[in-house]
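Read-outs: derived from the displayed coordinates by stated rules, not from any lab. This one's a predicted model, so the numbers in the text were calculated from it and none came from an experiment. Note that each Cβ is placed from the backbone with ideal geometry, even for glycine, and that neighbours are counted across all protein chains shown.
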Amino acid sequence: MERKNHTRKLTAILAAALVIATLVLATGCTKSDASARGGKTLYLYNWTYYTPESVIEKFEKEFGVKVVLDYFASNEDMFAKLKAGGSGYDIVFPSQDYTSIMINQKMVHEIDHAKIPNLRYINPMILEKATYDPQMRWSVPYSSGATGIAVNKTKVSSYARDWSIFADTRLKGRMSMLDDMREVMGDALAHLGYSVNSTDPAELAAAQKLINEQWKPNLVKFDAEGFAKSFSTGEFWVVHGYAEAVFEELDESRWGEVDFFLPPEGGPMYLDSMVIPTGAKNVELAHEFINFIHRPEIYAEFLDRFHYPATVHTEAGALMTVQPFYRGEDMAAYELKYDVGEDLDKYNEIWQTIRYVN
Amino acid sequence: MNGKGQERIVKKKRLEPSRLVEEHKGSSGPYRIPRNQVFQDHRKFGFSNIMLVLVILFLFMPLFVVITYSFNATRGMRWNGFSLVWYEKLFFDSKELWRAFGNSFIIAITSSLVATILGSLAAVGIKWYKFKSRAYIQTVSFLPMVLPEVIIGISMLIFFTAVRIPLGMFTIFVAHTTFNLPFVFLLVSARLDEFDFSIIEAARDLGATEMQTLVKVIIPSIMPGVMSGMLMAVTMSLEDFVITFFVSGPGSATLPLYVYSMIRYGVSPVINALSLVLILGIMLIALLFRRFLKTIAASS
Amino acid sequence: MNTHHLQERRGRRLGITYSAPMGLWLTVFFLVPLGIIILYSFLKKGLYGGVEWEFTLSAYQQMFNPNFMRVLFRTLWVATLATCFTILLALPCGYAMARSRNQVLWLALVIVPFWTNSLIRIYAWIAILSSEGFVNEALKAIGLISESLPLIYNQGAVITVLIYMYIPFAILPLFTTIDKFDFQLLEAARDLGATKAESIVKVLLPNIRSGIITALIFTFIPIFGAYTVPLLVGGKDSYLIGNIIVDQVTKTRNWPLASAFSLVLTVLSTIGVIWMMTSNASEKARQKSVVQVADTNGGLS
């Protein structure tokens, strides 16, 4: 008798704890949903800050809806998640290689051009490079740029303004390159005069040799997360990476100390697009948002935030209030990194010798 | 049992009643086991005390850096004068950040609570009783700790999608509870090892029901383990990025997801400001809670 | 062994009541997903992640890649070193905390720094260890060094920050077990002529064995799988096995290989943990008591 009673009590306690937990969770969920004024909620899947909060707020106000942001830290993470079954987002912001993969894998909705009149502002030059979707049937360009090299001029006076700077033994132990296979391989391929999308074994081997024998010995490390911090503390003098990341870590008064350039030989560039994944619940609203983003004054607000050149938009550049970190023309020789399909394994094998072996 | 073992039990038995009595006085908080008065080695500057202080300094060192930068007038790692600009941004211009923070908080509390209850009970059950599935539960109990996070994340995502549980706060809660369970279970188990069972027998002999034994004897004596386990669970839950990333759904981003996704553009110093606010908040809650506990102790 | 007569009689039912909730939870939410991983490791990799439904052992063959093996040994070395230092530092801390009158305060001090996001704490380490950072400037100020030491972006930095990240996980179980240790035993040992060090090694440590083992498990296993710390504060030579597994899921999109790796690691660590736990149980039978210490000391003097 006593034992049964005990079992029952214990079950009751457990049940109570679970109920409390679920209740708290439920209130946590409904609270965020209930605050949507128009009842509609748009779910964006993006990098943190990539769409400025001020822009989001304007959209919410104008359309009387709520926008909920979720974040990913790399295209690969985002894709792995969607691939394994993650869903519920209305707009995702992948880069070109993953845009094309998502199109191939039929993971995205077709874009209805009638609902996005502002598509007329999209730069035809950028669409020419986007060979996987030149008509914007599946994706709308969001932003484009390239990684470059930042040099601390207070520490380094004479240097080559191209990729060969990483072969400069005087700078040994003061340089870093991105921990990004396609970026670094692409840089080496471009420096050697090949396409950044090369799958030719001989060309890839030459790039491997260049990186392993001439660049890597001078690098402190391959770093995609902390290079800007260490550039700002003076630990690194030359870094390969995103301009916005480098300058974000520095006070504006020190921006003059930095020479940021895109090497003239060319290299890989990126094009982030907006796509509407299949399974999106607010396809209409998603179209409205894409149209909203490409309003010239709104797009200029976004460009200002990151000091980007107006490579994607034909009108917004004139409305910018700040000087971009680099010019759109610098990217003339740059190529979009495409998905290389099965040949990715060739890259992987080479990257192993660069990254796993020291 | 050999002679020595028996001797130990006898000796412990002699000690326990006094422990129990002292515990019931409850004068020094809810779970403190009375300090031993006989073996006096409380030299303030003993080796172990110095080590403890040094280690805590080591643990706080990066935190001091974070707090200092939160008052920096500009971004970056060079000091440019005192300013509250990041605090202003934090309180007036960080809607998304607070939402993520709220989600993290809810998940940490609920998942650590459930993990602590389930884990502690299981530890008691496994250490003190013999039954068929004991070995099975014991083995499965620490596995979530061993499997790499990214694999747990992916497999749970596939699992939730397969059984059609929509991704969101609930799935994050389930995942966090799962990876917290082994920590609570093992901590409480370690506490229970070599526990003196005679006090339980004594309690029963004196007519205590199983429930009374659990509440009055077992729980107080494993409390340090339970507390440590819960603290650890909260910590793990607040920290986790990878598993949360995979099992989160639209609108359920937690603080680590928010912060890690800033990597590409540099993490904003607003996060530094949040750290200090968080620490001060915890201290405040702890103080209030302490008063509350004291009033309870006084009234009983 | 410790189970009493009484408990065995009542035991079956109660033990299941206590343990079933966790057992069920882990079966549903962990073992089932683990099954998916086991299955995946025997399938063909999909071009864009995921798997194709075709049986193959290629994931296991790919594991025997000399590059991977090199990283595996490096990881073992780093994890062993970091774990040893962590435990050695954590032992006196757990001891001091257990003997303190302000246990809750110390517990809070150990844990609270960890409620701040780990990424920004690791960034703070970059600032502390960099060549113009706090440590180097302080050493220069005292005049110990004139040139900055290379403290960041090497194996040493990885180990330092790993110790930092996991030391609370070692302190908590040690504190929890030392706290219930009967300090009269130490006094008795001293009375019987043992030195302080002797009494600690021969009386305290054997009695808190389970705490030490738990601390070992709590630090070694997470450190073995660590990947953000080597990524952020490591150099060219700091790639660890955790990084490889993450890479297989995201960068190279080879889920079967990641599954195979995880499975092998899981099996190995499971064997390790079970071995430690059972050796702990058998050791308990021979545990040293005050009497034994007295015997040995008697023999020596």
Requested in this report: Among DSSP beta bridges whose residues both lie in the protein assembly as shown, state the antiparallel percentage, nearest 5.
Outcome: 55
Report task. Starting with the fewest neighbours, write out C:Val71, C:Val267 ranked by other beta-carbon atoms found within 10 Å of each beta-carbon. Result -> C:Val267, C:Val71
**Report entry** Nearest 10 degrees, 0 to 90: helix A:344-355 Cα axis against chain A principal axis
**Finding:** 70
Report summary line: Residues meeting the amide H criterion for A:Tyr43 (H placed from the backbone, H to H distance under 5 Å, 5 or more places apart or on another chain) are A:Val68, A:Asp90, A:Ile91
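If you take the Cα atoms of the range C:1-139, find Rg, then find the Kirkwood Rh from the mean of 1/r over all pairs, what is Rg/Rh?
Values: Rg = 24.4 Å, Rh = 21.9 Å.
That ratio equals 1.12.
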Report summary line: Amide H proximity to A:Lys221 below 5 Å, modelled H, separation 5+ or other chain, gives A:Met177
Report summary line: Mean other chain Cβ within 10 Å across A:231-238 is 5
Requested in this report: Give me the Debye-computed log₁₀ of I(q)/I(0) at q = 0.11, 0.17, 0.19 Å⁻¹ for the range B:94-268, equal point scatterers on Cα only, no solvent, two decimals.
Outcome: -0.55, -1.02, -1.18
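In whole percent, what relative contact order does the range B:94-268 give with Cα contacts below 8 Å and a gap of six or more residues? Please list the in-between numbers first.
Values: 199 pairs, mean separation 70.5, N = 175.
Value for the range B:94-268: 40 percent.
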Report summary line: Most exposed to least, judged by fewest other Cβ atoms within 10 Å, B:Ile219, C:Ile152 sort to B:Ile219, C:Ile152
Query raised in the report: Taking each residue of B:116-124 in turn, how many C-beta atoms of other protein chains fall within 10 Å of its C-beta, and what is the average?
Result: 6
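How high is the relative contact order of chain C, in percent, with contacts defined as C-alpha pairs under 8 Å that are six or more residues apart? Write out the running numbers ahead of the final one.
Values: 306 pairs, mean separation 79.0, N = 301.
About 26 percent, as a whole number.
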Requested in this report: List, in order, the whole-Hz ³J(HN,Hα) value for each residue of the range C:213-224 obtained from phi through the Karplus relation with A = 6.51, B = -1.76, C = 1.60 and θ = phi - 60°; use x for Gly and Pro.
Outcome: 5, 4, 4, 4, 5, 5, 9, 4, 5, x, 5, 4
Report summary line: The set of residues whose placed amide H lies less than 5 Å from the amide H of C:Leu43, leaving out same-chain residues fewer than 5 positions away, is C:Thr56
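Tell me, what is the FRET efficiency for A:Lys106 and C:Arg70 to the nearest 0.05, using R0 = 60 angstrom and their Cβ-Cβ distance as r?
Details: r = 40 Å, r/R0 = 0.67.
Given R0 = 60 Å and the Cβ-Cβ separation, E is 0.90.
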Requested in this report: Enumerate the calculated ³J(HN,Hα) couplings along the range C:143-155 in order (Karplus 6.51 cos²θ - 1.76 cosθ + 1.60, θ = phi - 60°), each rounded to whole Hz, writing x wherever the residue is Gly or Pro.
Outcome: x, 6, 9, 10, 9, 4, 7, x, 9, 10, 6, 8, 4
Query raised in the report: When the Cα centres of the range C:244-268 and the range A:201-245 are compared, how far apart do they sit, in Å?
Result: 26
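I need C:Cys93, C:Cys84 ordered by Cβ neighbour count within 10 Å, fewest first. Don't skip to the answer; put the middle values down first.
Numbers: C:Cys93 27, C:Cys84 14.
Ascending number of Cβ neighbours within 10 Å: C:Cys84, C:Cys93.
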Requested in this report: Convert each backbone phi in the range A:282-289 into a coupling constant with the Karplus relation 6.51 cos²θ - 1.76 cosθ + 1.60 (shift: θ = phi - 60°), then list the ³J(HN,Hα) values in order as whole Hz, x for Gly and Pro.
Outcome: 10, 4, 4, 4, 4, 4, 4, 5
Query - the range A:262-358 - percent relative contact order, Cα under 8 Å, separation 6 or more - result: 36
Query - Global size of the range C:207-257 as Cα Rg and Dmax, reported in angstrom - result: 14.7, 48
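With a ≥ b ≥ c the root eigenvalues of the C-alpha gyration tensor of the protein assembly as shown, is it rounded (a/c under 1.5), prolate (a/b larger than b/c) or oblate? Please report the intermediate quantities before stating the final value.
Working: a/c = 1.91, a/b = 1.66, b/c = 1.15.
Prolate.
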**Report entry** Peptide B:178-187 - average C-beta neighbours from other chains (10 Å radius)
**Finding:** 5
Requested in this report: Would you work out if the range A:236-358 is rounded, prolate or oblate? Take a ≥ b ≥ c from the square roots of the eigenvalues of the alpha-carbon gyration tensor; rounded if a/c is under 1.5, else prolate when a/b is larger than b/c, oblate otherwise.
Outcome: oblate
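Net charge around A:Lys229, counting only other residues with Cβ within less than 9 Å of its Cβ (Lys, Arg = +1; Asp, Glu = -1)?
Values: positive: none; negative: A:Glu225, A:Glu235, A:Glu249.
Spelling it out: positives minus negatives among the neighbours equals -3.
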Report summary line: If each K or R counts +1 and each D or E counts -1, the residues other than A:Leu178 whose Cβ falls under 15 Å of its Cβ total 0
Query raised in the report: Does the range C:69-300 come out rounded, prolate or oblate, given a ≥ b ≥ c as the square roots of the eigenvalues of its C-alpha gyration tensor, rounded meaning a/c under 1.5 and, failing that, prolate meaning a/b above b/c?
Result: oblate
